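Here the structure comes first, spelled out in C-alpha cells, and everything after it is commentary.
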Amino acid sequence: MDGTSTPDIGRYGIFSALVHQPPTARDETAAELEELGFGAIWLANATVDDVAPVIAATSKAVVGTAIQSIWRHEAAPTAARCAALEAAHPGRFLLGLGVGHPQRTAGYKRPYAAMTGFLDALDDTDSGTPVPAGRRVLAALGPKMLGLSRDRAAGALPYLATAEQVAGARELLGDGPLLAPELGVVLESDPERARQLARAALERYLKLANYTNNWLRGGFTEDDLTGGGSDRLVDALFAWGDEKRIRARIDAFHTAGADHVVVQLIGDHSMVDLPSDSLRRLAGILH
C-alpha cells in the first residue's frame with residue numbers, strides 16, 4: 001500500500017473508549033478486539049497521540065480517531081503526528097475528524113468553513129507533511145459535511161443514523177467514498193430492558209442540535225425526541241434482540257450502502273470497560 005490510499009478496514013469495526021483504561025488493560029483489550037476479527041478499532045473522543053499504543057498492541061487492525069475535534073487540535077501538529085504514525089506503522093491509521101457540537105464547544109461557529117480550513121491546512125505541503133485525503137474521514141450527518149467527506153476525505157463516519165439515512169448518505173457520496181456508520185448494539189432480547197439501556201446511551205445526544213436536527217430531517221417529530229426518545233426512534237437507532245434480529249439490523253446497514261459498520265456495544269457497563277463475554281458474543285453475531 002502507498003501512503004495515500006485508504007487502508008482496508010473490512011466490513012466491521014468497533015467503537016471503544018479503551019484509551020481511558022490503564023495501559024496494560026488497554027493493550028489487552030486492543031489485542032482481543034483484533035483477535036475477534038474487527039478490522040478497525042475506532043477510538044472514542046481520541047487524539048492522534050492516543051493511537052500509537054493501540055497500534056503497537058495489535059498487529060494488523062487499523063486504528064482510527066472517532067473523532068478528533070478540529071477546535072481543540074491545530075492542523076500543523078496533527079499532520080506532523082500523522083506523518084510520524086505512518087512512518088512507524090504504514091497503513092494502520094485513519095484520522096477521524098469532526099466539528100463537535102455548539103452546546104459543548106467554546107468558539108463554535110461556521111463549522112463547514114472551519115472544517116474546510118482545517119483540511120486546507122492538512123493539505124499544505126509548505127508547512128510540513130500533508131495528510132492525504134485517503135487517510136482522513138469526517139464525522140458527517142448533513143448534506144454539506146457529507147459532500148466534504150466525498151470531495152476532501154476518504155469518506156464519512158455518521159453517528160446515530162438510521163438505515164434510511166445511511167442509504168441517503170450513500171446516494172450523496174456516490175459509489176467510491178467510504179461510508180462507515182456507527183450502530184449501537186444492545187445484547188438484550190427483552191424489549192423493555194433493551195430500550196432502557198438504549199435510552200441511557202441516547203440521553204445526552206437528545207440535547208445536541210446536530211443530532212436532533214438530523215433526526216428531524218429524517219422524518220422523526222419533536223414528540224419522538226421527548227421522554228428519552230420514542231420507541232420508534234430508539235428502534236431505528238439501535239440494534240437489539242436475539243442474535244438473528246441484531247444481525248438483520250447490521251445487514252440492513254450494509255444493504256443501505258455502508259462499506260463498514262462501526263458497532264458500539266451498549267449495556268449496563270461503561271464505554272471504557274467492555275465485558276469480554278459480550279464482545280465475544282457480538283463477534284459471533286458478525287462472523
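The values are calculated or read from the model by the stated rules, or taken from the named source; none is laboratory data. Remember, predicted model here, so these are calculated numbers, not experimental data. Counting neighbours? That spans all protein chains shown, and the Cβs are built from the backbone with ideal geometry, glycine included. The area values use the complete protein model at the heavy-atom level, side chains included, leaving out ligands, DNA and RNA. Shrake-Rupley method; radii C 1.70, N 1.55, O 1.52, S 1.80 Å.
Quick notes on this one:
- Some residue of region 88-107 being in a helix (DSSP H, G or I), at pLDDT 95 or above and open to solvent by 10 Å² or more (accessible area, probe 1.4 Å): yes
- Hits in region 58-78 - residues which are open to solvent by 10 Å² or more (accessible area, probe 1.4 Å), closer than 20 Å to residue 41 by Cα and either in contact with a helix residue (DSSP H, G or I) (Cβ under 9 Å, 6 or more places away or on another chain) or at pLDDT below 95 (or both): 58, 59, 60
- Residue that is surrounded by the most Cβ atoms within 10 Å (Cβ to Cβ) [pool: residues in region 1-48 that are part of a loop (DSSP other than H, G, I, E, B) and among the aliphatic types (A, V, I, L, M)]: 9
- Here the condition is being in contact (Cβ under 8 Å) with a residue 60 or more places away in the chain, open to solvent by less than 10 Å² (accessible area, probe 1.4 Å) and of a type in the set (A, V, I, L, M); of 131, 186, it holds for 186 alone.
- Residue count, region 77-123 (criterion: free of Cβ contacts under 8 Å to residues at least 12 places away in the same chain and within 17 Å of residue 146 (Cβ to Cβ)): 1
- Against the criterion of being among the β-branched types (Val, Ile, Thr), modelled with pLDDT of 95 or more and part of a helix (DSSP H, G or I), residue 51 qualifies.
- The sole residue among 205, 159, 211 that is of a type in the set (Phe, Trp, Tyr) and open to solvent by 30 Å² or more (accessible area, probe 1.4 Å) is 159.
- When residues of region 154-168 are limited to those that are small (Gly, Ala, Ser) and in a helix (DSSP H, G or I), the one nearest to residue 239 (Cα to Cα): 163
- Residue in region 137-147 that is of a type outside the set (Gly, Ala, Ser), open to solvent by 50 Å² or more (accessible area, probe 1.4 Å) and free of Cβ contacts under 8 Å to residues at least 60 places away in the same chain present: yes
- Where residue 35 falls short, out of the listed (1) of a type in the set (Asp, Glu); (2) within 19 Å of the chain's Cα centre (by Cα); (3) more than 19 Å from residue 139 (Cα to Cα): (2)
- Of 151, 120, 175, all but one fail to be of a type in the set (Asp, Glu), modelled with pLDDT of 95 or more, surrounded by fewer than 22 Cβ atoms within 10 Å (Cβ to Cβ) and not in a helix (DSSP H, G or I); the exception is 175.
- Where a residue in region 48-60 is closer than 17 Å to residue 7 by Cβ and its partner, wherever it lies, is open to solvent by less than 50 Å² (accessible area, probe 1.4 Å) and among the charged types (D, E, K, R), with Cβ under 9 Å and at least six apart: 51/92; 54/26; 55/92; 58/34; 58/92; 59/34; 60/34; 60/92
- In region 1-21, the residues that are among the acidic types (Asp, Glu) and farther than 16 Å from residue 177 by Cβ: 2
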